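Participant: Quick one: structure below, then a few questions.
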């Protein structure tokens, strides 16, 4: 049996060039899923692309650091940076505050739900949740996200842990692979959450390409797909165009986004042409919600149900 792979692009809605790449890759048959940023500069354009391409699975890319909140800043003071208006500007600052108990879990839930509602109110059938910079490695972030998924008819969440077989391919920088290995100690807690354990919220066996972020060229992508064992995996990617819009936003991935776009276009069709190719799906195909979508009887939350 071949592997089943969800090819998911993060940062949908960041810029028009990122959106354009996601649309082109999906229409080329090499990208099945994307996660939309509720406060991305090109949010409205991304919503239009999602509506025009109903076979593209669209999740919510929950942003808890390095961004602008959807909620009134007064309602989430422990999530904010020094200016009292924006989220903490770096992952390190967020993790430091989280581990010191300075971020309230209730405020994470409040802001994450506001982001989900914004997508739903725009008519997006949210297939799954993930987080910017994989902050739901930490139980105090995963817990509220799982509660939101369960209460908002969202059937899946990203498993943020990269499997050892993929890290051992050595396709990312050593320090990044070491950092990801250190997070493995949190995996049992993620797997032990009630919603995951009981199958109320589904996930994959792991997410591949995390350590290779920024270096996911054609060679690296070919090796990942070649070595993927049987099972259900997510391939995370960040395709885009390195244009003037991208130059205006804060991101460490610039030319790398074009490299990833070109790698997907060149490598994925090759694997799909092989005997017994991997099956490309999206999170919305999984479980009971997937069956309902297939039968045309799924009624997604509108976001107004929780107003």
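Participant: Confirm whether residue 245 is more than 16 Å from the chain's Cα centre (by Cα), in a helix (DSSP H, G or I) and under 24 Å from residue 150 (Cα atoms). Outline the logic, then answer.
Facilitator: Values: more than 16 Å from the chain's Cα centre (by Cα): yes; in a helix (DSSP H, G or I): yes; under 24 Å from residue 150 (Cα atoms): no.
For residue 245, the condition - more than 16 Å from the chain's Cα centre (by Cα), in a helix (DSSP H, G or I) and under 24 Å from residue 150 (Cα atoms) - is not met.
Participant: Quick check on segment 25-43: of everything there that is out of contact with any strand residue (DSSP E or B) (no Cβ under 9 Å at 6 or more places or on another chain) and in contact (Cβ under 8 Å) with a residue 40 or more places away in the chain, which residue is surrounded by the fewest Cβ atoms within 10 Å (Cβ to Cβ)?
Facilitator: So the first thing to find is which residues in segment 25-43 are out of contact with any strand residue (DSSP E or B) (no Cβ under 9 Å at 6 or more places or on another chain), and the list is 27-28, 39, 41.
If we keep only those that are in contact (Cβ under 8 Å) with a residue 40 or more places away in the chain as well, we get 28, 39, 41.
On the way: 28: 12, 39: 16, 41: 18.
The qualifying residue surrounded by the fewest Cβ atoms within 10 Å (Cβ to Cβ) is 28.
Participant: In addition: Among the numbered criteria (1) under 19 Å from residue 22 (Cα atoms); (2) crowded, with 21+ Cβ neighbours inside 10 Å; (3) out of contact with any helix residue (DSSP H, G or I) (no Cβ under 9 Å at 6 or more places or on another chain), which one does residue 247 miss?
Facilitator: (2)
Participant: Select, from 93, 162, the only residue that is surrounded by fewer than 16 Cβ atoms within 10 Å (Cβ to Cβ) and in contact (Cβ under 8 Å) with a residue 12 or more places away in the chain. So that I can check it myself, show each step before the final result.
Facilitator: Details: 162 fails: surrounded by fewer than 16 Cβ atoms within 10 Å (Cβ to Cβ).
Result of the check over 93, 162: 93.
Participant: Among the listed residues 222, 298, which satisfies the condition of being touching a helix residue (DSSP H, G or I) at 6+ places or on another chain (Cβ under 6 Å) and assigned to a loop (DSSP other than H, G, I, E, B)?
Facilitator: On the way: 222 fails: assigned to a loop (DSSP other than H, G, I, E, B).
The match here is 298.
Participant: Cβ-Cβ distance below 6 Å, separation of 6 or more or different chains: which pairs start in segment 172-197 with a residue that is touching a residue at least 24 places away in the same chain (Cβ under 8 Å) and end on one that is assigned to a helix (DSSP H, G or I) and surrounded by fewer than 18 Cβ atoms within 10 Å (Cβ to Cβ)?
Facilitator: 189/139; 195/150
Participant: The conditions are (1) in a loop (DSSP other than H, G, I, E, B); (2) more than 20 Å from the chain's Cα centre (by Cα), and residue 98 fails exactly one of them. Which is it?
Facilitator: Residue 98 satisfies all of (1) in a loop (DSSP other than H, G, I, E, B); (2) more than 20 Å from the chain's Cα centre (by Cα) except (1).
Participant: Here's another thing I want to ask about it. It is to be established whether one or more residues within segment 268-275 are modelled with pLDDT under 95, surrounded by 17 or more Cβ atoms within 10 Å (Cβ to Cβ) and within 20 Å of the chain's Cα centre (by Cα).
Facilitator: Checked against the condition, which is being modelled with pLDDT under 95, surrounded by 17 or more Cβ atoms within 10 Å (Cβ to Cβ) and within 20 Å of the chain's Cα centre (by Cα), segment 268-275 yields no hits at all.
Participant: Also, I was wondering about something else. Among the listed residues 284, 290, which satisfies the condition of being surrounded by 14 or more Cβ atoms within 10 Å (Cβ to Cβ), under 15 Å from residue 128 (Cβ atoms) and touching a strand residue (DSSP E or B) at 6+ places or on another chain (Cβ under 7 Å)?
Facilitator: Values: 290 fails: touching a strand residue (DSSP E or B) at 6+ places or on another chain (Cβ under 7 Å).
Testing whether each residue is surrounded by 14 or more Cβ atoms within 10 Å (Cβ to Cβ), under 15 Å from residue 128 (Cβ atoms) and touching a strand residue (DSSP E or B) at 6+ places or on another chain (Cβ under 7 Å) leaves just 284.
Participant: Same structure again: What helices (runs of 4 or more DSSP H) lie completely within segment 111-217 and have 2 or more residues being within 20 Å of residue 37 (Cβ to Cβ) and in contact with a helix residue (DSSP H, G or I) (Cβ under 7 Å, 6 or more places away or on another chain)?
Facilitator: Numbers: elements: 139-151, 164-167, 174-182, 187-192, 194-197.
Helices (runs of 4 or more DSSP H) meeting the threshold: 139-151.
The values are calculated or read from the model by the stated rules, or taken from the named source; none is laboratory data. Note that the coordinates shown come from a computational prediction; the quantities given were computed from them, not determined experimentally. In this analysis, Cβ positions are derived from the backbone assuming ideal geometry, glycine residues included, and neighbour counts consider all displayed protein chains.
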